[in-house]
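What follows is a short report on a single structure.
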Amino acid sequence: MRKAIITVAPTGEGATKQANPALPTTPAEIADAVYESYKAGAAVAHLHMRDDNDRPTMSLAKFKETVERVRDKCDIVINLTTSGDIRAGDDERMAHIIALKPEIASFDCGTMNWMRDDVFVNHPHFLTRLGKAMIENNVKPEVEIFDTGMLFDSFYFIKTGVLREPVHYQFVLGVGGGMPATVENLAYLVRQLPEKATWSAFGVGKDHITILAAALVLGGDVRVGFEDNIYYSKGVLAKSNAQLVERAARLVNEFNRELATPKDVREMFKLRSY
Ligand code: ZN
């Protein structure tokens with residue numbers, strides 16, 4: 001099995017400081033959380049921004065400041081969301097790809113109901129533009145799959161040249177409106193992958209630990225952090241993002257996998273050096 005990449009997703013769009021006071025929301029807090037997670041074994045940081053009122057935003061200024069603060073501290077691989085604010089228009093969702101050229105960015109491969117009261121819109125025209133912008137700016141897409149249909153849609157984008165092989169997938173399981181977070185579902189998805197693909201997976205909330213273990217056993221990469229789960233165990237809040245990374249790093253060792261460093265990730269994914 002190849003080395004296991006731990007991605008930390010410290011903030012996300014939905015978690016609140018009311019629910020977990022350790023949630024990092026300012027550029028300085030996010031950079032500190034990323035650095036602590038890096039020291040605990042994370043090789044990639046998947047970042048979302050919040051405005052001055054802690055609401056989700058695709059503000060280019062916030063992305064820029066946060067990336068600079070992270071870069072001052074460590075060489076972790078930067079992965080920026082393109083879906084950080086459900087109200088954002090297509091141009092706003094791509095501006096930071098072109099301006100900041102992160103090494104990796106998310107590519108959400110289809111539209112889905114965010115149960116129970118929203119729609120997560122990823123129009124094929126938007127995805128085509130996004131994929132092309134990523135190719136032009138040498139940004140590696142992390143293709144996020146919330147449900148089976150999205151995986152098969154990604155094959156269409158490979159065929160049309162919007163995604164280039166080898167594709168790296170992120171399976172997002174257990175979101176209301178998406179595929180439930182079960183080992184059976186994960187194993188099914190992994191079996192459908194193109195031969196050259198690489199993949200990572202995570203479950204949200206209570207199913208987080210199940211998918212963490214399953215992904216490591218099945219040979220994939222993993223993601224942890226407050227974007228997906230603010231608890232360490234049932235009813236016990238995680239103290240920090242780094243605490244979740246520490247556990248993931250322990251499991252990587254327990255399952256006889258080797259931990260990937262940022263340098264390993266840059267080699268594996270042939271990333272542009274930053
Ligand atoms: Zn995200």
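The values are calculated or read from the model by the stated rules, or taken from the named source; none is laboratory data. Keep in mind that what you see is a predicted model, and the values were worked out from it rather than measured. Cβ atoms come from the backbone with ideal geometry, glycine included; neighbour counts cover every protein chain shown. Calculation scope for accessible area: heavy atoms of the full protein, side chains included, ligands and nucleic acids excluded. Shrake-Rupley method; radii C 1.70, N 1.55, O 1.52, S 1.80 Å.
Assorted remarks:
- Remark: region 6-268 carries 42 Å² of accessible area per residue (probe radius 1.4 Å; ligands, DNA and RNA excluded).
- Under Karplus coefficients 6.51, -1.76 and 1.60, residue-wise ³J(HN,Hα) of region 229-239 in Hz, glycine/proline x: 6, 9, 9, 8, 8, 3, x, 10, 5, 5, 6
- Structure-based [θ]222 nm, the chain - -39500 (n - 2.57) summed over DSSP H runs of at least 4, per residue, nearest 500: -12000 deg cm²/dmol
- Of the trypsin sites (Lys or Arg not before Pro) in region 59-142, the ones in a loop by DSSP (not H, G, I, E or B) with at most 11 other beta carbons within 10 Å are R87, R116.
- The three principal axes of the Cα atoms in region 179-239 give end-to-end lengths of 39, 18, 18 Å, sorted in falling order.
- Placing a label point 7 Å from the Cα of D90 along the Cα-to-Cβ direction, the residues of region 132-161 whose backbone N falls under 13 Å from that point are 132-133.
- Within the listed set D85, D75, D221, the Gaussian network model of the chain (springs between alpha-carbon atoms below 10 Å) gives the highest mean-square fluctuation for D75.
- Whole-Hz Karplus values for region 195-208 come out as 3, 7, 5, 10, 8, 9, 8, 8, x, 9, x, 5, 8, 3 Hz, taken residue by residue from phi with 6.51 cos²θ - 1.76 cosθ + 1.60 and θ = phi - 60°; glycine and proline positions read x.
- Cross-link pairs beyond the 32 Å C-alpha cut-off, checked among K39/K140; K62/K140; K132/K239; K62/K196; K73/K159: K132/K239; K62/K196; K73/K159
- Solvent-free Debye scattering, log10 I(q)/I(0), computed from the Cα coordinates of region 1-62 at q = 0.22, 0.28 Å⁻¹: -0.88, -1.23
- Accessible surface of the chain, 1.4 Å probe: 52 percent of it comes from carbon and sulfur atoms.
- The Rg/Rh ratio of region 6-268, with both radii computed over alpha carbons and Rh defined as the Kirkwood radius, is 0.92.
- Taking amide H positions as modeled 1.01 Å from N, with prolines and chain starts lacking one, the residues under 5 Å from D108 and 5 or more places away or on another chain are E144.
- Long-range amide H partners of W199 with built H, under 5 Å: Y169, D221
- Separation of the D54 and V236 label points, Cα + 7 Å toward Cβ, nm: 2.4
- Here the spin labels are modelled as points 7 Å beyond Cα on the Cα-Cβ line, and at T182 and V217 they lie 1.5 nm apart.
- Whole-number percent relative contact order across the chain, with pairs defined as alpha carbons under 8 Å at least 6 apart: 24
- A133 paired with R164, simple spin-label distance in nm, labels 7 Å along Cα-to-beta-carbon: 1.8
- Partner lysines for K234 [C-alpha distance under 16 Å; skip if fewer than 8 residues away on the same chain]: K206
- Taking 1.306 mPa s as the viscosity and 10 °C as the temperature, the Stokes-Einstein diffusion coefficient of region 47-135 based on its alpha-carbon Kirkwood radius rounds to 115 µm²/s.
- Under a 5 Å amide H cut-off, with hydrogens placed 1.01 Å from N, L259 pairs with A4 among residues at least 5 apart or on other chains.
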